[in-house]
Structure formats: structure tokens, C-alpha cells
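Colleague: My questions all concern the structure below.
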Amino acid sequence: MVVTPKAPAGAAELLETLRTYLPADRVESVNAALEFARECHEGQKRLSGEPYITHPIAVAQLVAGLRMDAQTVRAALLHDVIEDCGITSEDLSRRFGPDVTRLVEGATKIEQIPAPPGVDAPVANADAETLRKMFLAMAEDVRVVIIKLADRLHNMRTLEHLPPERQHPIARETMDIYAPLASRLGIWQFKWELEDLAFRYVDPEGYRRTAEMVSAKRSERERYVRRVESELRGALEEAGVEAEVTGRVKHLYSIYDKSHRYSSDGKSIDQIHDLLALRVLVKDVADCYNALGIVHQTWRPIPNSFDDYIANPKESLYQSLHTSVLGPGTRPFEVQIRTYEMHEVAEYGVAAHWQYKEEPRKRDLQYEERMAWLRHLIEWQQESPGAEDFLESVKTDVFRDQVFVYTPRGDVRVLPAGCTPVDFAYRVHTDLGHNTTGAKVNGRLVPLTTRLQNGDIVEILRSKASKGPSRDWLIPSLGYLGSSHSRQKVRQWFRRQQRGENVDRGRELVDREMRRLDIDRVPVDLWKQLGYETAEDAYSAIGSGDVSPQKLLNRLAEHAPAPTQPKVSPATVKTDSGAPGVRVLGQGGLHVMLAKCCRPVFGDPIIGYVTRARGVTVHRRDCRNVRRPEESDRYVECDWGPSGDLYSAAVEVHAWDRVGLMRDISTIVAADGANMVGVHTEEHDDRSTTVHLTIETEGGAQFARLLSHLDAVRAVISVRRVGSG
């Protein structure tokens, strides 16, 4: 088969790659898909000016680099023809068969999700929906997502041709979703490049500094890697261990991430153990441990830096020995030791299951075990179908690092890093989680908020009478749960309790938050903003924990009563200067004072009162001092101008008196970026105290968060805003 001179760029290279592992008839079938894709995309251009066909060819080349089967490569070439060229699924199926068509349709469904317009937050609904469709597609055929990862990787390689306002959201989505997904599937060569490419646009300054830092000593590091590589190769040969030794320098984003964490501990970049790494590939597991002994004989091992992922594989089935040593010049570096078969799994991940093999594909138990987490995730999603819960599950239970802990019988349980004994109990069995009263870790009684570490042996103590979980477990600041799976199980338990109890509890929570924000009646559209049709449904969801206290607080902070006030002519107001971010009748530049009686905060509905000597005094609309009809001709309409000023409000904290109370309150205020400009305390006979604060914040949303955080301080009984009529 000969590629014609008019063949598009990259076509010859793709076919050459395929010939290295596919028989001639399979290569010919891919070439037929290539010709069809070229015809379909004829005349279409990319933003770079290149013919559009160069994109599907590049995607197919990335898939072929994973040595995927012919159907996947053909689907990669055709992945845009349904959406961009008007080709029907029926036509595609007649030409290339149902298997290829299903893959193309799966990729098209994911692509049809609307991109978040100008949205920078990874919790956007579009992101949640993208993930949902990806996981559902993976449950049917993981090859769909492998094609999408390759598609995103090539798009990131050419991202400079997009307008700057589109670059950042796409790069952010890549960093938050696609790179962790490639990592979870074990496709490391995609994961590292996606991170580095996204890093360039997400944090250009950090990217530049890291690149300059690495470049400054690149030649020195490369010489050092060659030196230790040669030393280890010689030591292994002398011991009679056949091995392939290669060295590498860590990728840019990994260096940035590690150096950022190390700098907070006062460490330098040269102290990162795996900035430099040697990889040792051997024939079998016995040689892995033999090579480990030789490494430790050659250089001094660094304490607490050894990980045995052969005996305890990661949930993605990654296996390797990791150790860090002090090399020549007491310079730390990492050594990874694995067999050739382990290396294939480490590099290709789930793609290894779909790599072309001459014999018919048999049942792959390793592949089924690797994808078990996906089945669990789909089950959890069916139990709790909300988009936010789904995204939380993915980010906490799938995209985070894991720890390996043991039951008293020695069975391994894999949990997200940061999990507690309660999470462990729920992972063993839901009923065990509901009835957990205590826990032993490594034979010792520990608090239920203890963070589990690799190798811990966990024993759960349960109550004889079924009492169910505590509502405190759903409060994030208390630290009982580190897994979204556990939180969903606890919420489900409360949902099953009497609806009336949840409604009463929800009404109590809403009343408390309204008192805290000094709102005297429930906003009429609050329930719809929370996603419920009736007040009772919303109260039940709030009481059961389906609606988080922070979400409720954020929604309430957006509302305030706004009684109608008569308007007056602008001629009744004398202009002056120095308005603190307030516009009177839409115009700034007037002499304005914020009323001390109600202390309006940025975002509050406000009204102006024309004084006889001090310009305009701005009150909250619900202040009793502006409810005088006999002076209605002196009220003027006001709004908050585009100001970055701080606005003050009075806050009253009622708490049991204890040592350190004021320190904790001031720490919370500072951590939330607010200013505490006034404070005095009032002692009571019952050993409680009231702390009166004057707080400066940027406005309503920040003020609402601050009140929530103050309420979580130990020994605090209540927190409320004061000062209105």
C-alpha cells in the first residue's frame, strides 16, 4: 500500500506506526477510514489555518501510540464526522460496522455538552455533566474516553490559536478533569503532558518561573542523571541482575506542585526526592527486590521514603517499588523498580487491555479489577443523582490520592487520602457505618476524626442498639468524613427518617440563618433557587443535609426586604465629594455617610436620606429610622457603585467563656480577609460572654461566609448581625 503524494500531513507517519503492531489487513481498514475522513472534512480549516483533517490524524496517532486496536484508531479518525460533517450513524455503520459507529457516537455525545461560557470554576454544572457522560460512556466502552483524552491532548497542543478568553477555561477544565482522568485510567504519558500544557495557561507566571528554574540547571541535572544511571547499571551487572536503567527529570507541573508544597515547609527545590529519578526494568518480581537491595547498598536510603506498590498495588493496578536515596554529593533522587509487564501497565493503563493482540481477547480479570471503581461510582450516582454530588464524588473519591488500610482479618480497603474510621466503616458495609460508635487503629482507641494512614489496621466498634449516624458527621469543619461516598450514605439515612422531623429541623436551620443575617421574612423565590418547588420539600432537604448550610447561607445572603420608597428629584441633593462606593440616583461624587444605626453592608438594599447639613446618609431599606412617611420627600434612591471599599457591620457573638476564645475569633476574621475595627465583651453570670464586634468586609457574600465560620468556633452559642431597626 502506497500513500499518495496528496496525502494529508501526518498520514504517512500514522500508517507507519500502525504497521509496527497491526497486520496489513487491519492497516488497510484504517487507511479506508482515513480516506473517508479526508473526504468528509474537505475544505474545512482549523483556527491555525491548517486543513481540519490534520486534527483527527493527530488524535489517531496518539491512540496508535498506545497500540490500541484498529477499531479505536478508525473511530479516532472519524470522531468528528457526525457532528461536523452531517454524516449519519446509519451511513457510518454501513461503511465501518457497528463497533466503530458506537465509539464515534459515544465521543460525539460527550462533545455535545455545552462548554462553560467564561466559567472558571471547576464546579460548574457543565463540568459535572461532562464527567457524568464520560463515566457513563466508560461503563459501556472505555475506548470512548481514551479517544476523548487524545482529542483533548491535541487541542491543548494547539491551544495558542484560540482567543485568550477561551484558553484559560479550557486549560482549567483540562487540569481539573482530563488530566486526573488520564491519571485514574493509568495513562501516564497523557497525564503528564496534559498537566504541563494546561499549567502554561492556568498560571502563566508560575509556568515561566518554573521553566526558568529548571532550565537554569538543566545541563547539570542531566550530567548527574547520566552519572548515577551509569553507577547503578554497573552495580546491577556486577550482581548478575539483568536490567534496563533509564533516568529522567520530573515534569514542569510536578516540579511546580512539589516546590510549592516544599517551600511552605522551608525546603528548596533541590530537596525534592523525585525531581530526579531512575527507572529500573527487570524480568520478574524476584529481580525487583534484588535490584532494591543493590540500590540500597550503592546509596544510603532516605528514611520513610520507601513504597511497595508491588505487594500493595494502587487501585489503578499500578505496581512498582519506589525508594529515595542520597546519591553522590548527598543529593536526593528517586528510584523506581518494576518488571517489563508492570511497566506496560504503568505507561498504558487501561489501554493495555485494548492493545492489539493476535489471539482473540479473553476475559481480562486485571482489567475488570481496574475498572471496579467505575462500577462503584455509577452505583453511587444512581443513589444520589444530583450533579453537584456526582462532581463531589469524583473529585474526592476518584481523583484524589489513596491510602491502603486493613481490616482485622487482613483484607485491604482502598480509601481516598484524608479518610477517617467512619469512612472505613461505610466502605466495609453501610450498616456498620450507620452504627459506628468508636474505632481502634493499630490496637489503640482513637477519635472518629482520625485521618487514616497507609498500613493502618482499623477495627470498628458498633452500638448494640441501632441509633443511626450523627448529624455532626455532615458538618465538614468537624472532620468526621473525608469521602463523598460516606456523606451520601449519611444523607440517605436522614432522608429515610420521618419527613416531619426533617421539615422541622430545616425550618429551624433557615430561621437561625435568617436571624444571623438579620432578615425578617423568607424571600419568596428562595425555594426555587435551592432547586425545590415547595417550602416543605426545601425544608426537608435542608433538614436531611441534602442542601448544605453554606449553600443556604449564600442564597439567603442574596436577599433582603426592599419596601418601595417614593422618588424625589435630583435637584434636592447637593453634590459634594468622597462617596464611599454609593451612587445617589445613579450618580457618584456626592457627600455620603453610612448610617451608624443599621450599618449597611455592600450588597444590602439601601435608601438615602437627605440631611440638612451632612449630605446624604445611607440606610438599609428595612431600618426603622427610614420608615417615617411624613419625611418621604427627603428619601432618595441609592445603589452600590463599583467600589472596592470595605463596609462595616456590627456582629454579636454569644459564647461560653473559655481561654482562647478571642484568639480564635480574631483568627477566623483575619483568615476570611475581613477587618475587626472594634471589639468589646460583656460578661454574664452564667459564665457566658457576649462579644460585640465591628467588622469591615467587602460585602454580603464575604460577610455571610464570615458569620458561618464564626458560628463553627468552639463554645460559640449563636452569632447574629445587629444594628437594624
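The values are calculated or read from the model by the stated rules, or taken from the named source; none is laboratory data. Keep in mind that what you see is a predicted model, and the values were worked out from it rather than measured. Heads up, the Cβs are rebuilt from the backbone with ideal geometry, glycines too, and the neighbour counts pull from every protein chain shown.
Colleague: Given the conditions (1) surrounded by 13 or more Cβ atoms within 10 Å (Cβ to Cβ); (2) at pLDDT below 85, report the number of the one that ILE457 does not fulfil.
Modeller: Among (1) surrounded by 13 or more Cβ atoms within 10 Å (Cβ to Cβ); (2) at pLDDT below 85, ILE457 violates only (2).
Colleague: For residues in region 590-606 being aliphatic (A, V, I, L, M) and out of contact with any His (no Cβ under 6 Å at 6 or more places or on another chain), which is modelled with the highest pLDDT?
Modeller: Filtering region 590-606 for residues that are aliphatic (A, V, I, L, M) and out of contact with any His (no Cβ under 6 Å at 6 or more places or on another chain), the one modelled with the highest pLDDT comes out as ILE606.
Colleague: Quick one: would you say ARG624 is basic (Lys, Arg) and modelled with pLDDT under 75? Give the steps one after another, and end with the answer.
Modeller: Details: basic (Lys, Arg): yes; modelled with pLDDT under 75: no.
Criteria not met by ARG624.
Here's the yes/no breakdown for (1) free of Cβ contacts under 8 Å to residues at least 12 places away in the same chain; (2) on the phi > 0 side of the Ramachandran plot; (3) not assigned by TED's automatic domain parsing to the domain that holds SER254:
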{"position": "TRP192", "(1), (2), (3)": "no, no, yes"}
{"position": "ASP196", "(1), (2), (3)": "no, no, yes"}
{"position": "TYR201", "(1), (2), (3)": "no, no, yes"}
{"position": "GLU205", "(1), (2), (3)": "yes, no, yes"}
{"position": "TYR224", "(1), (2), (3)": "no, no, no"}
{"position": "ARG227", "(1), (2), (3)": "no, no, no"}
{"position": "LEU232", "(1), (2), (3)": "no, no, no"}
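Colleague: Which numbered condition in (1) farther than 22 Å from PHE602 by Cα; (2) at pLDDT 75 or above; (3) not in a helix (DSSP H, G or I) is the only one that PRO523 fails?
Modeller: Of everything listed in (1) farther than 22 Å from PHE602 by Cα; (2) at pLDDT 75 or above; (3) not in a helix (DSSP H, G or I), PRO523 misses just condition (1).
Colleague: Something else now. Kindly indicate the residue of region 151-200 that is assigned to a helix (DSSP H, G or I), of a type in the set (Val, Ile, Thr) and at pLDDT 85 or above and also surrounded by the most Cβ atoms within 10 Å (Cβ to Cβ) among those meeting that condition.
Modeller: Ranking the candidates gives THR174 first.
Colleague: Testing LEU530 on (1) more than 30 Å from ALA425 (Cα to Cα); (2) modelled with pLDDT under 70; (3) out of contact with any strand residue (DSSP E or B) (no Cβ under 9 Å at 6 or more places or on another chain), one condition comes back false. Which one is that?
Modeller: (2)
Colleague: Please tell me if ALA291 is in the same structural domain as GLY240 (by TED's automatic domain parsing), farther than 23 Å from ALA182 by Cβ, in contact (Cβ under 8 Å) with a residue 40 or more places away in the chain and of a type in the set (Gly, Ala, Ser).
Modeller: Yes: the conditions hold for ALA291.
Colleague: How about region 64-97: which of its residues are farther than 19 Å from GLU35 by Cα and surrounded by fewer than 22 Cβ atoms within 10 Å (Cβ to Cβ)?
Modeller: Pass one, region 64-97, residues farther than 19 Å from GLU35 by Cα: 65-68.
Answer for region 64-97, where residues must be farther than 19 Å from GLU35 by Cα and surrounded by fewer than 22 Cβ atoms within 10 Å (Cβ to Cβ): GLY65, ARG67.
Colleague: Here's another thing I want to ask about it. Which ones in region 227-249 are of a type in the set (D, E, K, R) and either crowded, with 19+ Cβ neighbours inside 10 Å or modelled with pLDDT of 90 or more (or both)?
Modeller: Answer for region 227-249, where residues must be of a type in the set (D, E, K, R) and either crowded, with 19+ Cβ neighbours inside 10 Å or modelled with pLDDT of 90 or more (or both): ARG227, GLU229, GLU231, ARG233, GLU237, GLU238, GLU242, GLU244.
Colleague: Among the residues of region 11-27, is there at least one that is surrounded by fewer than 22 Cβ atoms within 10 Å (Cβ to Cβ), farther than 25 Å from TYR348 by Cα and among the small types (Gly, Ala, Ser)?
Modeller: Taking every residue of region 11-27 in turn, none turns out to be surrounded by fewer than 22 Cβ atoms within 10 Å (Cβ to Cβ), farther than 25 Å from TYR348 by Cα and among the small types (Gly, Ala, Ser).
Colleague: For region 427-448, enumerate the residues that are farther than 14 Å from ARG471 by Cα and polar (S, T, N, Q).
Modeller: Across region 427-448, the qualifying residues are THR430, ASN442.
Colleague: If you don't mind, there's one more thing I want to ask. Looking at (1) without any contact (Cβ under 8 Å) to a residue 12 or more places away in the chain; (2) more than 27 Å from the chain's Cα centre (by Cα), which is the only condition LEU281 fails?
Modeller: Here LEU281 clears every test but (1).
Colleague: What residue, among those in region 646-697 that are free of Cβ contacts under 8 Å to residues at least 24 places away in the same chain and assigned to a strand (DSSP E or B), is nearest to the chain's Cα centre (by Cα)?
Modeller: Ranking the candidates gives MET676 first.
Colleague: So how many residues does region 463-500 have that are among the charged types (D, E, K, R), surrounded by fewer than 15 Cβ atoms within 10 Å (Cβ to Cβ) and without any contact (Cβ under 8 Å) to a residue 60 or more places away in the chain?
Modeller: The total comes to 4.
Colleague: Of (1) in contact with a strand residue (DSSP E or B) (Cβ under 8 Å, 6 or more places away or on another chain); (2) modelled with pLDDT of 75 or more, THR572 satisfies all except one. Which?
Modeller: (2)
Colleague: Quick one: which of ARG221, ARG226, ARG209 is over 24 Å from the mean Cα position of the chain (by Cα), assigned to a helix (DSSP H, G or I) and over 30 Å from THR158 (Cβ atoms)?
Modeller: Testing whether each residue is over 24 Å from the mean Cα position of the chain (by Cα), assigned to a helix (DSSP H, G or I) and over 30 Å from THR158 (Cβ atoms) leaves just ARG226.
Colleague: A further question follows. Can you find a residue that is farther than 27 Å from VAL282 by Cβ, assigned by TED's automatic domain parsing to the domain that holds PRO332, within 27 Å of the chain's Cα centre (by Cα) and not hydrophobic (A, V, I, L, M, F, W, C) anywhere in region 165-172?
Modeller: No - not one qualifying residue is present in region 165-172.
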